[in-house]
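The values are calculated or read from the model by the stated rules, or taken from the named source; none is laboratory data. Computed from a predicted structure; not experimentally measured. Here Cβ is always computed from backbone atoms with ideal geometry, including for glycine, and neighbour counts include all displayed protein chains. Side chains included, ligands, DNA and RNA excluded: accessible areas come from the protein's heavy atoms. Shrake-Rupley method; radii C 1.70, N 1.55, O 1.52, S 1.80 Å.
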Amino acid sequence: MSDAKIQIKNLYKIFGKNPKTAMEYVKEGVGKDELLEKHNHVLGLKDINLDIPERSIQVVMGLSGSGKSTLIRHINRLIEPTAGSVTIDGDEVLKMNEEDLRSFRRSKTAMVFQRFALLPHKTVLQNTIFGLHIQKIDDETAKKSALRWIDRVGLSGYEDKYPQHLSGGMQQRVGLARALTNDGDILLMDEAFSALDPLIRKDMQDILLELQDELHKTVVFITHDLDEALKIGDRIAILKDGIMDQEGIPAEILLNPQTKYVKDFVEDVNRARVIKAKHIMDQINGQDLNNAMPINQDEFIDRFIDKVIAEKPDSLLIQDKDKNNVGFLSSKKLAEILKR
Amino acid sequence: MDFLTKFPEMPNKEFREMKKGIDASYKDFAREWGDLIDAMFDPLLKMLVFFEKTLVATPWPIFMIVLLGLTYWGSRSIKLVIGTFLAFVFIGYFRMWDETMSTIAIILTSVIMSVAIGLPTGIAMSRSDRTQKIVTPILDIMQTMPPFVYLIPIVMLMGIGKIPGLIAVVIYAIPPLIRLTNLGIREVDQEALEAADAFGATKRQKLFQVQLPLALPTIFAGINQTIMMALAMVIIASMIGVKGLGQPVLQSIYNQYFTKGVLYGLAIVIVAIVFDRVSQSYGQRIQKHRSGKLV
Ligand SMILES: Nc1ncnc2c1ncn2[C@@H]1O[C@H](COP(=O)(O)OP(=O)(O)O)[C@@H](O)[C@H]1O
Ligand SMILES: [Mg+2]
């Protein structure tokens, strides 16, 4: 067993009357467009394999219709797969009966939705408490927990307002508070910030990262926006037409895009803001370290580039936080990476 | 040539025999089961009589206060309260109070019955496409069939009186409530249901905490229509012995009492307008927080 928190294996999802038959065509190599035109089935996901480590943020990125929502809904089984397996903490989600599935959803997962999905007839507090209310947890305890999270997302004072009196950003704060109040290890966020204005979106991203620093949940975060993916993701998986094109840490994806689709995606990114020294360093192997400029391995390039330009060293000596030498980077290589 | 000018109809004698046969067996059926059916509907009759007696026995100022209170609670509109007050002053002053109370009693009873039957039916319909396929044509028939057609078997079976009247009213008034309950639940936003599922709600919790509350404005539009149709039918049902505002209108038509007819006609219109306004503005008020769409 791998130590992944969430393990997705050979997952297929085909929408239509006869998914099993259609799946055979897909296995033979029929693509999404052809499957729809010739066989009248929609390819949702094809042979997805993904291990999501504990306590990290896994981003799933792709254009609209690429199967992101379909994928994330397999994790809490809002969608039944055509074939494959999803295990969480070693338990096969697809084998759970109705009762087990319900208690799994109640205790382990919580979800945040693109269009918020708040209940308009309930107040902010009632919405936040929804998950606990359903579990019949006593009002006092539930309320205490809900109020704490309402406060954490910055909505104190709005407890008795109805959602429609709040702005989009505030509504999604309620969505986030509702999910956090449920206190599962896994947080599923399907384009949770996509409907928000850029500035508010940035706020929400910051709130999420700040909370994650403290809570260390296993977060699956869907987005169609590369900047958001790079900012939030510890790892990024890229989906196209139901197929996973590439998966890895952000720097890897930027530096080694495996397909044209991914290349197009990453082309215009400011690499200096995403890549850290440790991502591009070489092993120390007899190079001349005498005039090398020491750099912390976790610094982003744009944090130390000014210093490099000013002092023009031939090379950089990459160190960990205890000043141990861990790698080497020539200025030439750095320049090349930034030019590419 | 005879064949072309005269339709080849059933011979007179056989036709008479056939009618006699059907009549006899239906009468046998009615004789056999009539008592049981009456007994079955007895609680309903008791409820109706109770409402009627209570309403008639209630001193008019108390009735007025309660009615105006309800009007205000439902609509939060002072204008509507004043309008309702004037309307009932008109009814009382022109000696139509008791008949109005009878009519309100039967509308109340039939709306309660319609909700009791219609709401679960609508919910069942919303949960299964098969049920929807079966129920929809039945509702279509109920709505296209002229009431007089189904009054016949009801009256044959149960005679003339309050209960057959009530049944006729419910048959006539219930379809919009069933349809709109079904529609309202089916229209509930998919994401809201997904959210409920994602948080581990049971089917029951989903129904009561998400589907019904979000469908409520639509369901309420159905109840409003049901009230209005019940009122229309109560007037027709006066022909089979339902007491209330309909009977004097019927008398006036037979005997050409002009003033009486006009006054009672006006009373019917007034009751209709008051019920419609109040229930509609209540419907709009609940819509404020819980439009079926998500926010
Ligand atoms: N219930 C469904 N029935 C048929 N096709 C569906 C259904 N749900 C999603 N799809 C299709 O599956 C593909 C992936 O959809 P989705 O996962 O929603 O994409 P994304 O979230 O990346 O925009 C799309 O082509 C979509 O049309
Ligand atoms: Mg989506």
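Some observations on this one:
- Extended-chain gain in nm, criterion 0.36 nm per residue less alpha-carbon gap, B:THR54 and B:ILE273: 76.5 nm
- Label-point separation, B:ASP98 to B:MET64 (7 Å along Cα→Cβ), nm: 2.0 nm
- Net +/- balance of residues flanking A:TRP149 in space, Cβ distance below 14 Å, scoring K and R +1, D and E -1: +2
- Spatial offset of the stretch B:90-151 relative to the stretch A:1-43 amounts to 49 Å, using the alpha carbon center of each.
- 3J(HN,Hα) from dihedral phi, the stretch B:90-99, Karplus parametrisation 6.51/-1.76/1.60, rounded to Hz, x for glycine, proline: 4, 4, x, 5, 8, 6, 10, 4, 4, 4
- Helix-derived mean residue ellipticity, 222 nm - over the protein assembly as shown, DSSP H n ≥ 4, -39500 (n - 2.57), to 500: -19000 deg cm²/dmol
- Carbon-plus-sulfur accessible fraction, the stretch B:106-159 (probe radius 1.4 Å, protein heavy atoms only): 75%.
- Principal axis dimensions, largest first and in whole angstrom, of the stretch B:187-256 by Cα: 67, 17, 11
- Rounded to the nearest whole Hz, the Karplus-based 3J(HN,Hα) values (6.51 cos²θ - 1.76 cosθ + 1.60, θ = phi - 60°) of the stretch A:14-21 follow the sequence 10, 8, x, 5, 9, x, 4, 5, with x at glycine and proline.
- Computed extension gain for A:ASP89 through A:ASP151, at 0.36 nm per residue and net of the alpha carbon distance, reaches 19.3 nm.
- Look at the stretch A:96-105: the mean tally of other chain Cβ atoms within 10 Å of its residues' Cβ atoms is 2.
- Global geometry of the protein assembly as shown, whether rounded, prolate or oblate, following the gyration tensor of its Cα atoms and the 1.5 cut on a/c: prolate
- Dipole in debye (nearest 20) - the protein assembly as shown, about Cα centre, beta carbon charges: Lys, Arg +1; Asp, Glu -1: 1840 debye
- Chain B against chain A buries an accessible area of about 2400 Å², both chains summed, 1.4 Å probe radius.
- Between the stretch A:98-170 and the stretch B:193-231, the C-alpha centres lie 20 angstrom from each other.
- Here is the P(r) of the stretch A:198-275: all C-alpha pair distances, binned every 10 Å from 0, give 17, 50, 29, 4 in whole percents.
- Surface accessible to a 1.4 Å probe, per residue, for the residues of the stretch A:274-339, Å²: 62 Å²
- Solvent-accessible area of the stretch A:229-340 (1.4 angstrom probe, protein heavy atoms only): carbon and sulfur portion equals 42 percent.
- Chain B - accessible surface per residue (Å², probe 1.4 Å): 55 Å²
- At R0 = 25 Å, FRET efficiency that the Cβ-Cβ distance of B:ILE141 and B:GLN287 yields, to 0.05: 0.20
- Amide hydrogen neighbours beyond the local backbone of A:ILE275, cut-off 5 Å, H modeled: A:ILE301
- Note on the stretch B:206-259: with neighbouring protein chains present and a 1.4 Å probe, carbon and sulfur make up 64 percent of its accessible heavy-atom surface.
- Shape of chain B, Cα gyration tensor, a/c cut at 1.5: oblate
- Residue-wise HN-Hα coupling along the stretch B:74-87, computed from phi with Karplus coefficients 6.51, -1.76, 1.60 (Hz; x: Gly, Pro): x, 10, 6, 10, 5, 4, 5, 5, 5, x, 4, 4, 4, 4
- Within 10 Å of each Cβ in A:119-130, the average number of Cβ atoms from other chains: 4
- Across the options A:ALA272, A:MET189, A:GLN114, the greatest Cα extent toward the positive end of the charge dipole of chain A (unit charges at beta carbon of Lys, Arg, Asp, Glu) belongs to A:GLN114.
- Taking chain B as a Gaussian network of alpha-carbon nodes connected by springs under 10 Å, the highest mean-square fluctuation of the residues B:LEU177, B:LEU231, B:LEU266 belongs to B:LEU266.
- In this structure the stretch A:1-96 gives 47 Å² per residue of accessible area when probed at 1.4 Å with all protein chains present.
- Selected from A:VAL220, A:GLY29, A:GLY327, residue furthest toward positive end of dipole (chain A; charges at beta carbon): A:GLY29
- Note on A:110-117: average number of Cβ atoms from other chains within 10 Å of each residue's Cβ is 5.
- Threshold 50 Å² - residues in the stretch B:157-200 whose accessible area is reduced by that much or more when the chain is no longer isolated, probe 1.4 Å: B:GLU191, B:GLU194, B:ALA198, B:PHE199, B:GLY200
- Stretchable slack from A:GLU210 to A:ASN290, in nm (0.36 nm times residue separation minus alpha-carbon distance): 24.9 nm
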